[in-house]
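So the structure is just underneath, and the comments pick up after that.
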Amino acid sequence: MDAKQTRQGVLFALAAYLMWGIAPAYFKLINYVPADEILTHRVIWSFFFMIALISLSRQWPQVKKACRNRRKVLAMAGSAVLIGGNWLLFIWAVNNNHMLEASLGYFINPLVNVVLGMVFLGERFRRMQWLAVALACCGVLVQLWTFGSLPVIALGLAFSFAFYGLVRKKIAVDAQTGMLVETLWLLPIAAIYLFGIADSATSYMGQNPWSLNLLLIAAGVVTTIPLLCFTAAATRLRLSTLGFFQYLGPTLMFLLAVTFYGEVVGKDKMVTFGFIWAALALFILDAVYTQRRLRKIA
């Protein structure tokens, strides 16, 4: 990676994680809408937002070129399932007062990124990275052993998003094309569910207040812009480097949950958070030390 690509990747990563950090506040505004319905709106309006964005930026030739590769198109069906599942679990967690556990999942995610980078991309572990991952595993095991509970939501979010990042990196298509094809894969299912199956007080847009419909349509923007920034960063940075920025989003989520939404950190979660924060501290110190050493060598 050259210096220009790295700088661009850093800016995209910062933008993505800051927007994700405050995204729960948006979903809290529409927490009376069922999570599966919100997901369908995320898919449908993200698709149309991408159509407009690609048309304005005149990137249809790139889309056509990518779609000629059947292997990549099929691979994006897999990434679509991963990100769709991640979206649904996140929405449900936020709107059912599990924002703290959602933030825990995204605290764990950088460490999962490091492991996947080693296993699938041949990236090497350094000693402090090994220790960081070991601490994170200990935090989960202590919660399971001492309190008899497993942070299922946190682990589900961490692993689904880590595998999504891995698949997108392996596919190597541009952010806009990837997002368009992924939402296109999910679009028929979302449309059939919303217009043919869903039956709730908010599932009929013609009967909703205009303010609610605007918020539901905004799900496309809330979804698309940070994800585009993330996928743009993923193609410019090493997976392990990308994980370095992941703590920004969950930190904001944690503060929102405790400060504004009245969630309480129980003993079981506090133990796990303690281990994960210690692991992230080691991870960050290792990254800073390695960068300084490389600069001295250069």
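The values are calculated or read from the model by the stated rules, or taken from the named source; none is laboratory data. Owing to the predicted nature of the structure, the values given are computational and were not obtained by experimental measurement. Every residue, glycine as well, gets a Cβ built from its backbone with ideal geometry; the counts of neighbours run over all protein chains shown. Ligands, DNA and RNA are excluded from the accessible area calculation, which covers all protein heavy atoms including side chains. Shrake-Rupley method; radii C 1.70, N 1.55, O 1.52, S 1.80 Å.
Counting only C-alpha contacts under 8 Å and six or more residues apart, can you give the relative contact order of the stretch 1-120 as a whole percent?
Values: 27 pairs, mean separation 42.0, N = 120.
In percent, rounded to a whole number, it is 35.
FRET efficiency for the pair ASN208 and ALA134, taken as 1/(1 + (r/R0)^6) with r the Cβ-Cβ distance and R0 = 41 Å, rounds to 0.25. Note that the chain presents 49 Å² accessible area per residue, ligands and nucleic acids not counted, probe 1.4 Å. How charged is the neighbourhood of ALA218? Take every other residue with its Cβ under 15 Å from the Cβ of ALA218, and add Lys/Arg as +1 and Asp/Glu as -1. Around ALA218, the charge tally is +1.
Applying the criteria of a DSSP loop state and at most 13 other Cβ atoms within 10 Å to the trypsin sites (Lys or Arg not before Pro) of the stretch 79-150 yields ARG124.
The calculated FRET efficiency for GLN59 paired with ILE284, based on their beta-carbon distance and R0 = 41 Å, is about 0.70.
Taking R0 as 45 Å, what's the FRET efficiency between PHE125 and ILE192 from their Cβ-Cβ distance, rounded to 0.05? Each step should come with its number before you reach the end.
Numbers: r = 44 Å, r/R0 = 0.99.
The calculated FRET efficiency here is 0.50.
Helix-only arithmetic for the chain: the sum of -39500 (n - 2.57) across DSSP H runs with n ≥ 4, divided by the residue total, places the mean residue ellipticity at 222 nm at -27000 deg cm²/dmol. The magnitude of the dipole of the chain, with charges of +1 and -1 set on the Cβ of Lys/Arg and Asp/Glu and taken from the Cα centre, is near 1600 debye. Applying a DSSP loop filter and a limit of 16 other Cβ atoms within 10 Å to the chymotrypsin sites (Phe, Trp or Tyr not before Pro) in the stretch 1-78 leaves TYR32.
If the viscosity is 0.890 mPa s and the temperature 25 °C, what Stokes-Einstein diffusion coefficient in µm²/s follows for the chain when Rh is the Kirkwood radius over Cα pairs? In µm²/s, the coefficient rounds to 123. Of all lysines in the structure, those lying under 30 Å Cα to Cα from LYS65, and not within fewer than 8 positions of it along the same chain, are LYS4, LYS169, LYS170.
So, with a 1.4 angstrom probe, what is the percent of accessible area on the stretch 255-298 that is carbon and sulfur? Working shown, then result.
Working: 1940 of 2920 Å².
Exposed carbon and sulfur together represent 66 percent of the surface.
Counted by Cβ distance under 15 Å from ILE91, the other residues give a net charge of -1, where Lys and Arg count +1 and Asp and Glu count -1.
When only Cα pairs under 8 Å and 6 or more residues apart are kept, what is the percent relative contact order across the chain?
Working: 364 pairs, mean separation 122.8, N = 298.
Once normalised by length, the contact order is 41 percent.
Among the trypsin sites (Lys or Arg not before Pro) in the stretch 46-101, those placed in a DSSP loop whose Cβ has at most 15 other Cβ atoms within 10 Å are ARG58, ARG68.
Which net charge results for the neighbourhood of ALA35, defined as the other residues with beta-carbon distances under 13 angstrom from its beta-carbon, given Lys and Arg at +1 and Asp and Glu at -1? The partial results should precede the final answer.
Working: positive: LYS28, ARG42; negative: ASP36, GLU37.
Summing Lys and Arg as +1 and Asp and Glu as -1 gives 0.
Which of the DSSP-defined H helices in the chain satisfy a minimum axial length of 18 Å, computed from C-alpha atoms, and a minimum mean Kyte-Doolittle hydropathy of 1.0? Flagged H segments are 35-57, 99-121, 127-147, 152-171, 175-192, 219-234.
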